Amino acid sequence: MFDSVLTGNEVVGSYNLGLVCLSFVIAVVASYTALDLALRIGESYGITKKIWIGGCAFSMGGGIWSMHFTAMLAYQLPFEVSYDIWITLLSIIISIIASGTELFLASAKPISISKIALGGMIMGIGVTSMHYTGMAATIFVPHGDVLSDLQVTSDMRLLAFGISGITLFTLSFTIIASITQKEFNLLRGVKNELEVLVQERTKDLKALSTFPSESLDPVFRVDSNNVLIYSNQSGLSVLKYWEGEVGIEIPVPFIQTLNEVQFNGKRKNLEIHLDNQVFVFSIVSIPAMNYCNIYGQDITERKKAESKIEQYAKALERSNNALQEFASIASHDLQEPLRKIITFGNQLKHIPGNSDKRSEDYLNRMQQTAARMQTLILDLLRYSQVHTEAKPPRQINLRNIVDEVIEILEKRISETRGTIIIDSLPALHAQDFQMRELFQNLIGNALKYHREGVYPVIKIKSCQMENQHWKITVEDNGIGFDEKHKNKIFSPFHRLHGRSAYEGTGMGLAICKKIVDRHRGTITAQSTPEKGSTFIIILPGNVVANTTNHQTP
């Protein structure tokens, strides 16, 4: 960097740039090596830990010493400088011992601030001692003086000595770090994972060990002689009913079931009624431990709920029986007087002297009212029979059902000059009579509520949904309705038009909804006035659809 000069009493030195840079490299490499090995020390035990401490101490101490003497060698004076070899060796020993002591204290578990502080103080003293010992080893040789071979070291020998120190340090780093970092990190990762798993498992085991005592339900343990060897607090409360306790035979109600479980090893449940409480005990055999565990549960509330459900079921059965009885009365007793009214009205029309217009009008009104009453009774009968007289469901093809309905409604289709277009329809597990009733009502309504001067066109199609249900639509081009009424139209007796405009009792769509509900489906409607309506039916299904198309003019 600049030349050394000797002028009078003043000495000006110079620096060798290459050696200065080398001292920095030595410091960096030594620091990295020390940190890397320090991690390994923390993960090691026994003799392995001592070996790592020794290697790390040699690397750190040797690195500090090499950096120090390389820096001193980089400082060049205008006269020869030599070093006392024994004092020089003492300085490196001080550096290594100080590094090893500091690492030992810093890695000792448990780690504490006092240990780290003590280690830092020892390291500081060691580095300072190494420095001043190294300075003490320096010998300045005036020009012309001759020293012994032991005291004199030429620049070349000093350089060789410094390079040897660097080489020795590098070699120790290479040897120690030859244990690949990849395997070391892998092992450390496995260790960390195992520690986490051990902690979690320990937590689970603690929870399991305290589970019986913490449980609000009774838990017992019984040995092969049926002697109770454990009971939690809840179990002791139950045992008071029989004056039982730990150390004596389990109460009599458990004995028979316990013997069966101990004999065949199969888990069994035992239900026991205690005053106002009901318990179910699950008895489990543990053959490896030669005892049985008994886990109890208070099912009093569940039993009360089951009792209420049973009462409701009986009440529902009585209601259905009453409805069936009503249906029988409606089909016979109520219709008979109406038939007589209609018959006698016809006879009155033919009696001489009763042919005036007023009498004839009264008779016509009487017969029309009786006919409407008869129709209403029949519709109520059909509505009640959706549940009371339904046959068991079976596999049916809806296409065949619709064809039968078209045949039934053939006269009305012809009179209205209607067209029915049938797309693919599925085969379903359903009740055939009710499916026929459903489509007869929907198609019949589409024919009835057609626009004046417009021939009715009815489109029936289906598609399978993602949940394997079938979506069936019945679309018409009739008078439609305001969608604010779309929920009311499925209520019994609900009509959107007067009797003078369209005949009927308002029961058709109510019957449709009840049929669809019984098949665990849904029915909704979409409509626009003077454009038409679409009825959407969703039904469960699990069979391939019939893809045949059909059009009925």
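Would you check which residues across the stretch 213-229 are in a loop (DSSP other than H, G, I, E, B) and under 40 Å from the mean Cα position of the chain (by Cα) and list them? Once the filter is applied, which keeps residues that are in a loop (DSSP other than H, G, I, E, B) and under 40 Å from the mean Cα position of the chain (by Cα), the stretch 213-229 yields SER215, LEU216, ASP217, PRO218. Those strands (runs of 3 or more DSSP E) of the stretch 454-553 in which at least 1 residues are at pLDDT below 75 and out of contact with any Ser or Thr (no Cβ under 6 Å at 6 or more places or on another chain), considering only elements entirely within it, cover 550-552.
For the stretch 280-311, the tally of residues that are of a type in the set (Asp, Glu) and in contact (Cβ under 8 Å) with a residue 40 or more places away in the chain stands at 1. Do the conditions hold for ILE47, that is, is it within 54 Å of the chain's Cα centre (by Cα), part of a helix (DSSP H, G or I), surrounded by fewer than 20 Cβ atoms within 10 Å (Cβ to Cβ) and at pLDDT below 75? Yes: the conditions hold for ILE47. For the stretch 71-79, check the following and say yes or no: at least one residue is assigned to a loop (DSSP other than H, G, I, E, B), among the hydrophobic types (A, V, I, L, M, F, W, C) and at pLDDT below 75. Yes, because at least one residue in the stretch 71-79 is assigned to a loop (DSSP other than H, G, I, E, B), among the hydrophobic types (A, V, I, L, M, F, W, C) and at pLDDT below 75. Within the stretch 50-65, one or more residues are among the hydrophobic types (A, V, I, L, M, F, W, C), more than 21 Å from LEU89 (Cα to Cα) and modelled with pLDDT of 70 or more. Where strands (runs of 3 or more DSSP E) sit wholly within the stretch 327-436, none has at least 3 residues that are among the polar types (S, T, N, Q) and either at pLDDT 85 or above or out of contact with any strand residue (DSSP E or B) (no Cβ under 8 Å at 6 or more places or on another chain) (or both). Restricting attention to the stretch 282-305, the residues that are on the phi < 0 side of the Ramachandran plot and either more than 31 Å from the chain's Cα centre (by Cα) or β-branched (Val, Ile, Thr) (or both) add up to 15. For TYR295, the criteria (1) exposed (fewer than 14 other Cβ atoms within 10 Å of the Cβ); (2) of a type outside the set (A, V, I, L, M, F, W, C); (3) modelled with pLDDT of 85 or more hold in every case but one, which is (1).
Against the conditions (1) touching a strand residue (DSSP E or B) at 6+ places or on another chain (Cβ under 9 Å); (2) over 14 Å from GLY521 (Cβ atoms); (3) at pLDDT 90 or above; (4) not hydroxyl-bearing (Ser, Thr, Tyr), PHE439 satisfies every one except (2).
The values are calculated or read from the model by the stated rules, or taken from the named source; none is laboratory data. Note that the structure is predicted; figures quoted are calculated from it, not measured. Heads up, the Cβs are rebuilt from the backbone with ideal geometry, glycines too, and the neighbour counts pull from every protein chain shown.
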